[in-house]
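Taken together, the values in this text are just the output of simple stated rules run on the coordinates, not laboratory data. Bear in mind that the values here come from a model prediction, so they are computed numbers and not experimental data. Note that each Cβ is placed from the backbone with ideal geometry, even for glycine, and that neighbours are counted across all protein chains shown.
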DNA sequence: AGTCAAACCTGGGCGC
DNA sequence: TGCGCCCAGGTTTGAC
């Protein structure tokens, strides 16, 4: 579920309620979501620690705790991280509950149990491969057009798989890959090396503008996604291709098509994005 | 280096 | 209602 804009929204919604708050207790209801360390150690180490700060990197959430510990959480497809009162009934799919000094609870809920949770010494991400190997933050100031052009310079392969590769650019998932490609007017199967300078520029601008616009709309809620306060986002109302197979293109009226690109469902406008590459 | 399928899980929607 | 099938926003792994 959550891609960069959703994870960013969760982070922003939690920060004011978590900074300076202490984790009194961790209650583990489904042990397998804790990847490191062992559940008993996890419980013992996190007990009593104050949350100093909260950051996002790609689709990862990083909770910086006292004593140089970092709680790392990836929500994967259906994970939710929500703050609520202690008397709210616990969902069937809640796997981890943190009791906080603020009298609230922070709960991790995940229908598909794909989520990942680690507690590691700050900066020691070597054991968390996905975090360790993340590429550029697409909204960072230093992710300039020059950097982007260099990143694609001698790359082979197709556009959509590249956008989804977290080792190149961090945080883009299936929804935003489709929206970005439509905004740039580029076909997902287009070979990277055939891009003209003007198309590169359009792609770069689309990456930044789509992600920024989604954050402004507090993310995309299709099935499960909610922010840290349980609120849905509204970017799903602004999606132009994702989930609109068979509907009319908002630019030209052509019927949107669904194709498969490296196993991922992909919606395109065959006219605006160049049918010849399909 | 790239490409692809499979695996981890559960639930929703569809056709019959 | 029930069954079987396909689909789902992510990432890793291992084979080619």
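Data overview
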{"read-out": "The range A:44-123 shape via C-alpha gyration tensor axes, a/c threshold 1.5", "value": "oblate"}
{"read-out": "Kirkwood estimate for chain A, i.e. one over the average of 1/r between Cα atoms, Å", "value": "19.8 Å"}
{"read-out": "Potential lengthening between residue A:102 and residue A:22 on full extension [0.36 nm per residue; Cα-Cα distance subtracted]", "value": "28.0 nm"}
{"read-out": "Extended-chain gain in nm, criterion 0.36 nm per residue less alpha-carbon gap, residue A:36 and residue A:145", "value": "35.5 nm"}
{"read-out": "Helix-derived mean residue ellipticity, 222 nm - over chain A, DSSP H n ≥ 4, -39500 (n - 2.57), to 500", "value": "-7500 deg cm²/dmol"}
{"read-out": "Of all DSSP beta bridges in chain A, antiparallel share, percent nearest 5", "value": "95 percent"}
{"read-out": "Listed residues A:89, A:138, A:188, most fluctuating in chain A (Gaussian network, C-alpha, under 10 Å)", "value": "A:89"}
{"read-out": "Rel. contact order, % - alpha carbon contacts under 8 angstrom, at least six apart, chain A", "value": "19 percent"}
{"read-out": "Cα→Cβ-extended label distance, 7 Å offset, between residue A:53 and residue A:252, nm", "value": "4.7 nm"}
{"read-out": "Rounded to 5, the percent of DSSP beta bridges in the range A:83-209 classed as antiparallel", "value": "90 percent"}
{"read-out": "Shape call, the range A:1-58: gyration tensor on alpha carbons, a/c limit 1.5", "value": "oblate"}
{"read-out": "Sites residue A:271 and residue A:229 - FRET efficiency at Förster radius 35 Å, r taken between beta-carbons, to 0.05", "value": "0.30"}
{"read-out": "Listed peptides A:13-26, A:173-186 by packing density, highest first (mean Cβ within 10 Å)", "value": "A:173-186, A:13-26"}
{"read-out": "Residue A:67 paired with residue A:152, simple spin-label distance in nm, labels 7 Å along Cα-to-beta-carbon", "value": "4.8 nm"}
{"read-out": "Span from the the range A:1-66 Cα centroid across to the the range A:163-229 one, whole angstrom", "value": "27 Å"}
{"read-out": "Helix A:197-216 vs. chain A, principal-axis angle (Cα, 0 to 90°, nearest 10)", "value": "40 degrees"}
{"read-out": "The range A:98-217: relative contact order in percent, alpha carbon pairs under 8 Å with at least 6 residues between", "value": "23 percent"}
